[in-house]
Amino acid sequence: MMRKRYFAKTDGIIKSMHIIVGLGNPGQKYESTRHNTGFMAVNALAKEFGLAWAANKKFKAEIAESPELMLIKPQNFMNNSGFSIAAVLNYYLKHLIDKGDWRDLLIDTLTVIHDDLDIEFGKYKISVNSRSAGHKGVESIINQLKTKNFKRFRIGIRAPALEKIPADEFVLQKFNDEEKKIINQIILKIIRPVT
C-alpha cells in the first residue's frame, strides 16, 4: 500500500517521489505486444530496483514503489489509462497545495513511457508538454489531468509491416525474439535518464 509520507511539505518546500507510468493493456493476451512497450519498460525498472508489483483496487492499477520511486501500470485498458493516473495524483498531490494547482508539480514528478507509431523502431524520443499525437493512452491522461505538462519517453515501434496491416492490428502484434532484444536494449538505455 502506498504511503503518504512519500509526498511531504517541509518549511513550505514540497518534496515528492518520482512517478513513472508505463502504458499498456492488462492481461496475458497482450504481454510482449507493441502496444505494451510501456509495461515492459516499467517491469524492467521494477526489476532493476528490486521492487515488487502489487494490485491496488482503489486506483485500478498495479504499483511498485520505494521511498523515491513509484511505478504504475494502469489496469483499465490503454484508452482509459488516464482514470488511474488522475486518481493517484489527485489523492497524493492535492493535499500539498495551499494555493495554486497540484498539476504545477507534474513537470518534476510525472513521467509516462509508451509506444509510438510515429517513431522508427529502435529509436526513442523525450517529449515535454506536448500533445498526444493520436496516442489514445496519452490522450486519456491529458484529458483526465487537464494538462499535458509532464515528461514522456516515446519508444518507437514503427516498422515496414505497418504498411501492410491496419495500425490497430499492428500495435497488438507481439514482438518477435529479435525485436524483443532490441526493445530491451532501448529500455535499459532509458532507465538511467528516466530516474
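Any read-out appearing in this document is the output of simple, stated calculations on the displayed coordinates, not a laboratory observation. It should be emphasised that the depicted structure is a prediction, and the values quoted were computed from it without experimental measurement. All Cβ positions, even for glycine, are placed from backbone atoms using ideal geometry, and neighbour counts span all protein chains on display.
Work through the residues other than Q75 whose Cβ is under 15 Å from its Cβ and net out their charges, Lys, Arg +1 and Asp, Glu -1.
Net of charged neighbours comes to +3.
Using only the Cα atoms of the range 15-194, what semi-axes does the equivalent ellipsoid have when each is the square root of 5 times a gyration tensor eigenvalue? Give whole Å, largest first.
The equivalent ellipsoid of the range 15-194 has semi-axes of 26, 17, 15 Å.
Would you calculate the separation in nanometres between label points at A55 and I182, each defined as 7 Å from the Cα along the Cα-to-beta-carbon direction?
About 3.6 nm separates the two model spin labels.
Among K123/K164; K125/K180; K29/K180; K58/K123; K125/K146; K58/K136, which pairs are too far apart, with a Cα-Cα distance over 25 Å? List each step's numbers first, then the result.
Details: K123/K164 21 Å; K125/K180 19 Å; K29/K180 16 Å; K58/K123 35 Å; K125/K146 23 Å; K58/K136 23 Å.
Those over the limit are K58/K123.
Working out 0.36 nm times the residue gap between V128 and S32, then minus their Cα-Cα distance, what length gain in nm do you get to one decimal?
31.9 nm
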